[in-house]
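J.: Can you keep this structure in mind? I'll have questions shortly.
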Amino acid sequence: VATPDYILEVSGLSTGPEREVETSPPAGRPWLAVHWKCCNVYSRVYRNIAQTAYEGACPSCGKPVRAGIGSGGTSQRFFAAS
Ligand SMILES: [Zn+2]
């Protein structure tokens, strides 16, 4: 019986250096889960740079939404856009 006495090492499976996806927001950036009633879809909207509101748009039809932070705003983690 001819049994190979070596171990085949598979190389080349590495896909190279991991790359950060540049379009992803910084880790830890607050976001709000939004239910878009217009299209019955869910997505996240992220806090704006001014830290004054969560702002985003429906991923399906592009309808904008703005949820204020602080007084008069929302402290919910889930937001329903009508
Ligand atoms: Zn929509």
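Laboratory data are not the source of any read-out in this text; all were calculated from the coordinates shown. It should be emphasised that the depicted structure is a prediction, and the values quoted were computed from it without experimental measurement. Every residue, glycine among them, receives a Cβ derived from its backbone with ideal geometry; neighbour counts consider all protein chains shown.
J.: When Ser60, Ser82 are ordered from fewest to most other Cβ atoms inside 10 Å of their Cβ, what list results?
T.: Numbers: Ser60 12, Ser82 8.
Result, fewest neighbours first: Ser82, Ser60.
J.: Counting other beta carbons within 10 Å of each residue's own, what order do Ile49, Ile69 fall into, fewest first?
T.: Placing the least packed residue first, the sequence is Ile49, Ile69.
J.: So if each residue of separation counts as 0.36 nm, and I subtract the Cα-Cα distance between Ala80 and Arg66, what length gain in nm does that give?
T.: 3.9 nm
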